Number of protein chains: 2
Amino acid sequence: MALEFFRLKTREEVLALYSRFAPVEAETVPLAEARGRVLARDLAAPETLPAFPRAAMDGYAVRAADTFGATPGLPQYLELAGEVAMGEAPGLTLAPGQAARLPTGGMLPGGADAVVMVEYAAELPDGTVEVRRPVAPGENVVRPGEDVRAGEVLLMAGRRLKPQDLGLLAALGVGEVTVYRRPRVAVLSSGNEIVPLSASPGPGQVRDANAYLTLAQVEEAGGLPAYVGIVPDDAEALSAALAAALPRADLLLISGGSSVGARDLTLAALQSLPEAEVLVHGVAIRPGKPTILAAAAGIPVLGLPGHPASAAIVMQVLGRPLVARLGGAQEASPAWGGRVLARLSRNLAGATGREDFVRVRLRPEGETLWADPLLGPSALLSPLVKSDGLVTIPLGQEGIFQGELVEVELFPG
Amino acid sequence: MALEFFRLKTREEVLALYSRFAPVEAETVPLAEARGRVLARDLAAPETLPAFPRAAMDGYAVRAADTFGATPGLPQYLELAGEVAMGEAPGLTLAPGQAARLPTGGMLPGGADAVVMVEYAAELPDGTVEVRRPVAPGENVVRPGEDVRAGEVLLMAGRRLKPQDLGLLAALGVGEVTVYRRPRVAVLSSGNEIVPLSASPGPGQVRDANAYLTLAQVEEAGGLPAYVGIVPDDAEALSAALAAALPRADLLLISGGSSVGARDLTLAALQSLPEAEVLVHGVAIRPGKPTILAAAAGIPVLGLPGHPASAAIVMQVLGRPLVARLGGAQEASPAWGGRVLARLSRNLAGATGREDFVRVRLRPEGETLWADPLLGPSALLSPLVKSDGLVTIPLGQEGIFQGELVEVELFPG
């Protein structure tokens, strides 16, 4: 059990290495199943939207010029030429001095260039329409192409599709989209002390909690998680399990022991893999220092620390961006997403030479949102469950004072 | 086509009505499938965690008192009694003056009450351990029950399960959880102008974009969406389609026409349903005024406005909380979730007598996050796609000035 000195990389240095891993291939999925998937190609509009001039309000299609000067005291009177039904081409063309009844969304008849809202018009028994307010050309009308022009690039590759994107694509008749397939992420637990969830742990044994946590984080990040199982602390067994998982995975996660011995073993097993390269052996973050990043046959392998809180935080700050990169997403989330400003409720000292991630619980009190640090050891799960997110003390900063405004990166879900 | 005056309800009044609808029943699911599901019962810990005293660091188990006074210049020397292996009960008990090697996570042997980190100890050739720093009792040890005590309520009913919750439950051997089943939400589109996505719309016709948008929003809110299809503007057909969908749904959404005629039709169809009661006919929000809430045989029915942006915003501010209520969730999201502070980039005038929801696009510029209002008509989809969230101008407020700090409710996804 030798004391080992890590050559620590910063978080930014680790993230910069991800560009060497290519996103997975694309696949085509029906629009109805595309929510949350990542576009693999820029998507241009195949059609113009709307395709025809539509009424934005219930009312009367008119030639705008015919309404100029109309007031409640001195209305304009137009001849009611007929009615436009929903979903049909208008059966009429407006001559000067004419109006046609039409509902919201109805197609404007030829000759018409505006709609008088029903509130400002009245049908008289003699077949005329009284207009009490003028409309400008184009008023209360949605013009062809006002929403989308054919050929316009609507959504860029790398975008995670939202409900409103699906709505727009449906309107354009785009029935399927080309998206990156979900990266397959194999999760392998190593450690002699680890037993399956269904087991009754004996003395010195614990259940495989980290795997459940990691698998759920993978799924949340858009990956397709697969649980490989538990491998004992044995370099050959670990190496064999990794080699077996490699061909069916786009990313391997080792939910491992946090002892120096377990790390040595993981390193040895990684180095035995085909085209193995250890890229990172220790990251300048707290918790999460003993994180390992390697590549085997071009596939990234992330060795997570053994303490559950450390593993969860490493997944949040390093694992999610890697799953996002492999899945073709522009970024895990926009800069403003999943963050909130709060006031720190006590002084926090940083870790020398490390970027420090502190679990906090948010507590609204009047107008103030407080961030209460939860300082339990990384070996505990319950402070993680009680926390809402992370406050970062940047590398080189001694700490943050009570009362300072901090940005809290919220845990997703 | 009569001009209709709504008795408008405020958003709060509508939300208050949701308490009359009971959450759906519970079901039991395996832990691995429980992410994002809502707990139906308070969950108490069946076991204590950890079950035995564990080392939080690699090092040596000791009796703390034996290390008192140790310094680099004047170390204490302890007899190395043996080693504790991972995953096993220690095969030894420490006598005074003894130490035992043990890895992070290993079980403390009897007699030991602290761990000296490997960094502050050295094994000498004569079988003794040199300790260069004292430890206090309990130092570097995770005590039994320090994480969780058996019987302690860990997670409350109504909580949406996060990855870390699954980790904690796995550690406790909880292999399945009782959650509310996902509320089944039937989405029915009505309108003579609406054709399926696969059709080529003729003059006056449009594809069923709103249904795709709404279905995706339902899914995102935790509901189980089901697309009923398109029903023409005919009270009997609409009534029959609603009645047919009712027995298989926990919530009916009508993605409807926005013309007064279409609304009248929807109302008539709703009133023809068994045990029908129209609860809300018009909401004091913009967009979204023509929203309808009804109950039929105890099942809520929400009539959405026809303009896509209006429908999306009504789903966000009224639909999501209803799906959450039916699904047993304590709230759609915590007060601080999905919100961000930004500076408004132009003056915004509110709508008299209405709570106003303005789509905004977020734009970081140096240290400032700007919210740019997107003021396109509700009939357009593309401003919705370009927007990141909503700024609310409260009821009774005349507007918001350029440069003011506003809270942006982010669109999920």
(message) Residue under question is residue A:171, and the condition is that it be under 25 Å from residue A:87 (Cα atoms) and touching a residue at least 24 places away in the same chain (Cβ under 8 Å); does it hold?
(response) yes
(message) Within the range B:167-178, does at least one residue satisfy the condition of being under 30 Å from residue A:221 (Cβ atoms), out of contact with any strand residue (DSSP E or B) (no Cβ under 8 Å at 6 or more places or on another chain), surrounded by 22 or more Cβ atoms within 10 Å (Cβ to Cβ) and of a type in the set (A, V, I, L, M, F, W, C)?
(response) no
(request) Could you please let me know if residue B:259 is within 27 Å of residue A:52 (Cβ to Cβ), among the polar types (S, T, N, Q) and not assigned by TED's automatic domain parsing to the domain that holds residue B:380? (result) yes
(request) Hand me the list of strands (runs of 3 or more DSSP E) wholly inside the range A:1-83 holding 2 or more residues that are more than 14 Å from chain B (Cβ to nearest Cβ). (result) A:26-30, A:76-83
(request) Would you point out which residue out of B:225, B:203 is within 10 Å of another protein chain (Cβ to nearest Cβ) and assigned to a strand (DSSP E or B)? (result) B:225
(request) Can you tell me which residue among A:106, A:127, A:111 is farther than 23 Å from residue A:74 by Cα and either over 43 Å from the mean Cα position of the chain (by Cα) or β-branched (Val, Ile, Thr) (or both)? (result) A:111
(request) Quick one: which residue in A:147, A:126 is free of Cβ contacts under 8 Å to residues at least 24 places away in the same chain and within 23 Å of residue A:58 (Cα to Cα)? (result) A:126
(request) Just need a number here: residues in the range B:175-204 that are under 30 Å from residue A:212 (Cα atoms) and modelled with pLDDT under 95. (result) 0
(request) Go through the range B:64-88 and give me each residue that's crowded, with 20+ Cβ neighbours inside 10 Å and either closer than 27 Å to residue A:202 by Cβ or among the polar types (S, T, N, Q) (or both). (result) B:67, B:76, B:81, B:84, B:86, B:87
(message) Being surrounded by fewer than 23 Cβ atoms within 10 Å (Cβ to Cβ) and more than 25 Å from residue B:115 (Cβ to Cβ): is that true of residue A:184 here?
(response) yes
(request) From the list A:106, A:97, A:111, pick out the single residue that is over 17 Å from residue B:201 (Cβ atoms) and touching an Asp or Glu at 6+ places or on another chain (Cβ under 8 Å). (result) A:97
(request) Hey, could you check the range B:367-386 for residues that are modelled with pLDDT of 90 or more and more than 8 Å from every other protein chain (Cβ to nearest Cβ) and say which is farthest from residue A:143 (Cα to Cα)? (result) B:368
(request) Can you run down the residue pairs with Cβ atoms below 9 Å, 6 or more apart or on separate chains, where the first is in the range B:96-108 and within 12 Å of chain A (Cβ to nearest Cβ) and the partner is among the aromatic types (Phe, Trp, Tyr) and not in a loop (DSSP other than H, G, I, E, B)? (result) B:101/B:60; B:102/B:60
(message) residue B:197 - would you say it is surrounded by fewer than 24 Cβ atoms within 10 Å (Cβ to Cβ) and under 33 Å from the mean Cα position of the chain (by Cα)?
(response) yes
(request) Count, please, the residues in the range B:142-179 that happen to be among the hydrophobic types (A, V, I, L, M, F, W, C), closer than 23 Å to residue B:108 by Cβ and more than 9 Å from chain A (Cβ to nearest Cβ). (result) 1
(message) Where the second residue is not in a strand (DSSP E or B) and the first is among the aromatic types (Phe, Trp, Tyr) and lies in the range A:57-82, which pairs have Cβ atoms under 8 Å and are six or more apart or on separate chains?
(response) A:60/A:118; A:68/A:134; A:77/A:124
(request) Might you check whether a residue that is under 20 Å from residue A:298 (Cα atoms), over 34 Å from the mean Cα position of the chain (by Cα), of a type in the set (A, V, I, L, M) and not assigned by TED's automatic domain parsing to the domain that holds residue A:38 occurs anywhere in the range A:235-250? (result) yes
(message) Out of everything in the range A:261-288 that is assigned to a loop (DSSP other than H, G, I, E, B) and touching a Ser or Thr at 6+ places or on another chain (Cβ under 8 Å), what residue ends up being surrounded by the most Cβ atoms within 10 Å (Cβ to Cβ)?
(response) A:288
(request) Could you please let me know if residue B:210 is at the interface with chain A (Cβ under 10 Å from one of its Cβ atoms) and touching a helix residue (DSSP H, G or I) at 6+ places or on another chain (Cβ under 8 Å)? (result) yes
(request) Mind telling me which of the residues A:404, A:398 ends up being among the acidic types (Asp, Glu) and over 28 Å from residue B:140 (Cβ atoms)? (result) A:404
(message) Quick check on the range A:293-302. Is at least one of its residues within 13 Å of chain B (Cβ to nearest Cβ) and either part of a loop (DSSP other than H, G, I, E, B) or out of contact with any helix residue (DSSP H, G or I) (no Cβ under 6 Å at 6 or more places or on another chain) (or both)?
(response) no
(request) For residue B:230, work out the one condition from (1) of a type in the set (A, V, I, L, M, F, W, C); (2) more than 14 Å from chain A (Cβ to nearest Cβ); (3) surrounded by fewer than 24 Cβ atoms within 10 Å (Cβ to Cβ) it doesn't fulfil. (result) (2)
(message) Going by what's in this entry, would residue A:139 be described as in a loop (DSSP other than H, G, I, E, B), facing chain B (nearest Cβ under 7 Å) and within 30 Å of residue B:208 (Cβ to Cβ)?
(response) no
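The values are calculated or read from the model by the stated rules, or taken from the named source; none is laboratory data. Note that the structure is predicted; figures quoted are calculated from it, not measured. Counting neighbours? That spans all protein chains shown, and the Cβs are built from the backbone with ideal geometry, glycine included.
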